[in-house]
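Enquirer: Below is one structure. I have some questions about it.
Computed from the coordinates by the stated procedures, all read-outs in this text should not be read as laboratory data. Keep in mind that what you see is a predicted model, and the values were worked out from it rather than measured. Here Cβ is always computed from backbone atoms with ideal geometry, including for glycine, and neighbour counts include all displayed protein chains.
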Amino acid sequence: MKHFVLGSTYIVHLEPGEKIIETLKALCERDKIGFGYFHGLGAVREAELGHFDPITKTYSWLPLSGPYEIAALYGNITVVEGKPFIHAHAVLGDRTFETKGGHLREAVVSAVCEITLTRFHEDVGRKKDDGTGLFVFDLKP
Amino acid sequence: MKHFVLGSTYIVHLEPGEKIIETLKALCERDKIGFGYFHGLGAVREAELGHFDPITKTYSWLPLSGPYEIAALYGNITVVEGKPFIHAHAVLGDRTFETKGGHLREAVVSAVCEITLTRFHEDVGRKKDDGTGLFVFDLKP
Amino acid sequence: MKHFVLGSTYIVHLEPGEKIIETLKALCERDKIGFGYFHGLGAVREAELGHFDPITKTYSWLPLSGPYEIAALYGNITVVEGKPFIHAHAVLGDRTFETKGGHLREAVVSAVCEITLTRFHEDVGRKKDDGTGLFVFDLKP
């Protein structure tokens, strides 16, 4: 991972073999980024997508293997229990250009991944929501 | 809906049952947001996607029901006849991770929807374009 | 193409028949934009998507024809050999709302394309990466 900071924007280049979520989390922890959002493009080889069932309140997971283009990637950064927490969703395109989409648990870069991340200098936390069982933005009403 | 404002960015949390477009429109109206753009992720239960046919100049609509992940969501805010106008496109992933994509007319949150919205302090309007029949950005040439 | 500049954000309206990548490149060249990123929505008639195979280090290409909604579009702008270089990925939805996704080589607007582009006042270059054969961000380690 290499990065360059312009104002409040991080320009991030991930290399083959790097995990996108893990690497962004480490960057946010190092630079104490407590709120931000990012977009990315590139290509991954392994990835895991999730789909949340609001009835059972559980995720189902789809492990993917093989070359995928990151056709869309958007995520936010918050703080949970003092650590950066990455929430990202993505659309991945396979070699036939068919797509799969959902919650992105993790993805391993195959060729390159280019990210622009906008950081803020205040933190946003998350708290457990009893209704859905999810950790949601802890915003004042 | 809860939100928190950091500079020119709104961090928005939508709750189960809330309509994404309607709720953003009300927020923009309340805070007099006359131009901006947003991105989001989360999960919805009902949604309606549109596809514009440039030959017939009409939209076809696809109502969707069931849990969908918002795999991608991007929209802009302008002002039409004094009211905020939301133009959004989205990719939605079903429980098999297959996706549908197009113009997003509306979607009802199932579990959560997290949005970052960048506002501007000038307005951008729209005007009817005779060629396409659409309301397009009213920008000076 | 019409555009309006608010601070460091370009609001861009592309008209039927205009090529998205070519038009953005010309705008960036004219205004000497050496780094930035953009998002867009709208509809296109012809488009070409690419998928990179990290084993063979080559792209396969999918030419598309017919009305497609731009369900997601994100790209970045850098400078290669003194010229703006656009790297964009997209998800396109057809009239049945099925999607194709990958690297976006080019697309021709059918009805409209609305873009928000954030520019920076420093340049980011690219350099050949021997491992992948791609031109990657030229960032200091």
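Enquirer: Output wanted: per-residue J couplings in Hz (rounded whole) for segment A:40-50, from phi through Karplus 6.51 cos²θ - 1.76 cosθ + 1.60, θ = phi - 60°, x for Gly and Pro.
Expert: Taking θ as phi minus 60°, the curve returns x, 9, x, 9, 10, 10, 10, 7, 9, 9, x Hz for segment A:40-50.
Enquirer: What's the exposure ranking of A:Arg126, A:Arg30, going from fewest to most Cβ atoms within 10 Å?
Expert: Ascending Cβ contact count within 10 Å gives the list A:Arg30, A:Arg126.
Enquirer: Take the alpha-carbon positions of the protein assembly as shown, form their convex hull, and give its projected area averaged over all directions (one quarter of the hull surface) in nm².
Expert: That works out to 18.3 nm², a quarter of the Cα hull's surface.
Enquirer: If you don't mind, another one. What is the ratio of the Cα radius of gyration of segment A:44-123 to 2.2 N^0.38 Å, with N the residue count, to two decimals?
Expert: This ratio for segment A:44-123 stands at 1.20.
Enquirer: Separate question: Can you give the relative contact order of segment C:64-141 as a percent, counting alpha carbon pairs under 8 Å and 6+ residues apart?
Expert: With pairs under 8 Å counted, the relative contact order is 24 percent.
Enquirer: Give me the one-decimal nm value for the distance between modelled label points at C:Glu81 and C:Leu6, 7 Å along each residue's Cα-to-Cβ direction.
Expert: 3.8
Enquirer: Scattering from the C-alpha atoms of chain B alone, worked out with Debye: what is log10 I(q)/I(0) at q = 0.12, 0.14, 0.15 1/Å?
Expert: Values returned for q = 0.12, 0.14, 0.15 Å⁻¹ are -0.49, -0.67, -0.76.
Enquirer: While we're looking at this one, here's another question. What gaps in nm, shortest first, separate C:Thr56 from its twins in the other copies when you place the label 7 Å past Cα toward the beta carbon?
Expert: 3.9, 3.9
Enquirer: Magnitude of the Cβ-charge dipole of segment B:21-141, K/R +1 and D/E -1, about the Cα centre, nearest 20 debye?
Expert: 180
Enquirer: If you draw the axis that swings chain B onto chain C, which residue of B has its Cβ closest to it, and how far is that in whole Å?
Expert: Residue of B nearest the axis onto C, distance in Å: B:Ala72, 2.
Enquirer: Less than 14 Å Cβ to Cβ from A:Thr58, Lys/Arg counted +1 and Asp/Glu -1: what total charge do the surrounding residues give?
Expert: Surrounding charge for A:Thr58 is +1.
Enquirer: Let me ask another. Let me check I have the definition right: for segment B:78-141, take the eigenvalues of the Cα gyration tensor, multiply each by 5, take square roots. What are those semi-axes in whole Å, largest first?
Expert: 29, 17, 10
Enquirer: Average partner chain C-beta neighbours within 10 Å, per residue of B:109-119?
Expert: Across the residues of B:109-119, the mean count of other-chain Cβ atoms within 10 Å is 5.
Enquirer: Still on this structure, please answer the following. Can you give the relative contact order of segment A:11-105 as a percent, counting alpha carbon pairs under 8 Å and 6+ residues apart?
Expert: Relative contact order comes out at 28 percent.
Enquirer: Hey, another quick one. Using a label point 7 angstrom from Cα along Cα-to-C-beta, what distances in nm, from shortest up, separate A:Lys140 from the other copies?
Expert: Distances to the matching label points in the other copies: 4.0, 4.0 nm.
Enquirer: Determine the calculated [θ] at 222 nm for the protein assembly as shown from helices alone, applying -39500 (n - 2.57) to every DSSP H run no shorter than 4 residues and normalising by the residue count; nearest 500 deg cm²/dmol.
Expert: Calculated at 222 nm, the ellipticity per residue is -2500 deg cm²/dmol.
Enquirer: How charged is the neighbourhood of C:Ala26? Take every other residue with its Cβ under 15 Å from the Cβ of C:Ala26, and add Lys/Arg as +1 and Asp/Glu as -1.
Expert: Local net charge: +1.
Enquirer: If the only charges are +1 at each Lys and Arg Cβ and -1 at each Asp and Glu Cβ, what is the size of the charge dipole of the protein assembly as shown around the Cα centre, to the nearest 20 debye?
Expert: 560
Enquirer: Counting DSSP beta bridges in segment B:76-141, what percent are antiparallel, to the nearest 5?
Expert: If I count the DSSP bridges inside segment B:76-141, around 95 percent turn out antiparallel.
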